[in-house]
Ligand code: F6R
Ligand code: MG
Ligand code: MG
């Protein structure tokens, strides 16, 4: 049976500042998705937030890029943005960059990650959602999960992974993509993915049978809007177990923090903090950038359900095992903030091109004289 997991997200407004999606906006999404489930449009859903981003997880049988599913998400974001305007919440409708919906939500502002799968006997899925960062921030952990035999034991011990994995890598500058084989092209993969501000992993397959294992959203808001409109807070869907990285191999890259682009005004390097859903909110210097992970089992076109009919959702970072990463993230925050607005705390000149800094340089232009 072919089942589709769609995660579509959007910053539609936040309480207070760019801090967190408040309950009235979550409600708008839940009421609509409940209706969509009852009418058979989708089979199951889960609404959550990554900081100020409203995240819609929908499981259905309509395939990737389906017009009805995208329209459903688009309408929810429109309505939630309307609610945010009424309540005078901050940044109401922030990521809704276009007005006329023409069948696909891609390129209109919201972020999209979708994976159509042939359901295996049992299919564990982890969905990652981050706030105050960008798509490239999944390069490092995805490489660790599918390419690093010192991190994923299965690459060494499980013969069904011996054929390795294929990485689809997007060049956001040239708008091109390439598929590289791991481990055969390990060094080339690291060469590209290390430049996480430009290249992003968009898809991963198991090499021997092309089984899809991971997908990410790769939106560049600044390229759609032509100016800085916030970072492209990304989502990723990762498939686990039985010849793929185990859930624990998918989570172990987050034992330590690592640096990602984004944070305050989308202009700084910040230490990513893995948090539970209850701590999915940005505070210090509008951060530090946060990451949540929810897990579930796919079941006959939907999500395995609990006794009350609610989807069984696991909050993966709600665990003291990630306390060290959280503490490191606070320590690194303190180190970097001591640097203020000096590189490398702030992004390099190229990264700042898409922020509001060029306006400041423009203002000083006439005052520069030949040296
Ligand atoms: C980063 C982000 C925030 C804002 C900052 C200024 O992605 O959303 O750090 O950039 O709070 O926001 P404005 O310009 O809306 O006052
Ligand atoms: Mg915002
Ligand atoms: Mg955000």
Enumeration of residues in the stretch 320-347 that are without any contact (Cβ under 8 Å) to a residue 12 or more places away in the chain and part of a loop (DSSP other than H, G, I, E, B): 339, 340, 341, 342, 343
Selection within the stretch 258-287 - within 16 Å of ligand 2 (Cβ to nearest atom) and not in a strand (DSSP E or B): 263, 264, 265, 266, 267, 280, 281, 282, 283, 285, 286
Residue match in the stretch 191-206 (condition: crowded, with 17+ Cβ neighbours inside 10 Å, over 18 Å from the mean Cα position of the chain (by Cα) and farther than 26 Å from residue 332 by Cβ): yes
Any chance residue 114 is in a loop (DSSP other than H, G, I, E, B), touching a strand residue (DSSP E or B) at 6+ places or on another chain (Cβ under 6 Å), more than 16 Å from ligand 3 (Cβ to nearest atom) and within 30 Å of residue 246 (Cα to Cα): no
Single residue of the stretch 92-111 satisfying the filter (within 20 Å of residue 216 (Cα to Cα) and within 15 Å of ligand 3 (Cβ to nearest atom)) that is farthest from the chain's Cα centre (by Cα): 96
Number of the condition not met by residue 13 [criteria: (1) within 16 Å of ligand 1 (Cβ to nearest atom); (2) closer than 23 Å to residue 236 by Cβ]: (2)
The stretch 8-19, residues that are near ligand 2 (Cβ under 10 Å from one of its atoms) and over 12 Å from residue 81 (Cα atoms): 17, 18, 19
Total residues in the stretch 220-252, condition more than 16 Å from ligand 1 (Cβ to nearest atom), surrounded by fewer than 24 Cβ atoms within 10 Å (Cβ to Cβ) and assigned to a loop (DSSP other than H, G, I, E, B): 6
Complete set of residues in the stretch 1-49 that are within 16 Å of ligand 3 (Cβ to nearest atom) and under 20 Å from residue 117 (Cα atoms): 7, 8
Residue ID - farthest from ligand 2 (Cβ to nearest atom), chosen from residues in the stretch 208-219 that are modelled with pLDDT of 95 or more and buried (at least 19 other Cβ atoms within 10 Å of the Cβ): 213
Only listed residue being within 23 Å of residue 61 (Cα to Cα) and crowded, with 19+ Cβ neighbours inside 10 Å, chosen from 317, 322, 296: 296
Residue satisfying condition, being within 20 Å of the chain's Cα centre (by Cα) and either surrounded by fewer than 16 Cβ atoms within 10 Å (Cβ to Cβ) or within 16 Å of ligand 1 (Cβ to nearest atom) (or both), within set 89, 54: 54
Restricting the stretch 156-171 to residues that are crowded, with 19+ Cβ neighbours inside 10 Å and either without any contact (Cβ under 8 Å) to a residue 60 or more places away in the chain or within 25 Å of residue 222 (Cβ to Cβ) (or both), the residue that is farthest from the chain's Cα centre (by Cα): 164
Every residue from the stretch 262-291 that is out of contact with any strand residue (DSSP E or B) (no Cβ under 8 Å at 6 or more places or on another chain) and surrounded by 24 or more Cβ atoms within 10 Å (Cβ to Cβ): 266
Residue match in the stretch 230-241 (condition: within 16 Å of ligand 2 (Cβ to nearest atom) and out of contact with any helix residue (DSSP H, G or I) (no Cβ under 7 Å at 6 or more places or on another chain)): yes
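The values are calculated or read from the model by the stated rules, or taken from the named source; none is laboratory data. For clarity, every value in this text was computed on a predicted model and none was experimentally measured. Here the Cβ is made from the backbone with ideal geometry for all residues, glycine too, and neighbour counts use every protein chain on show.
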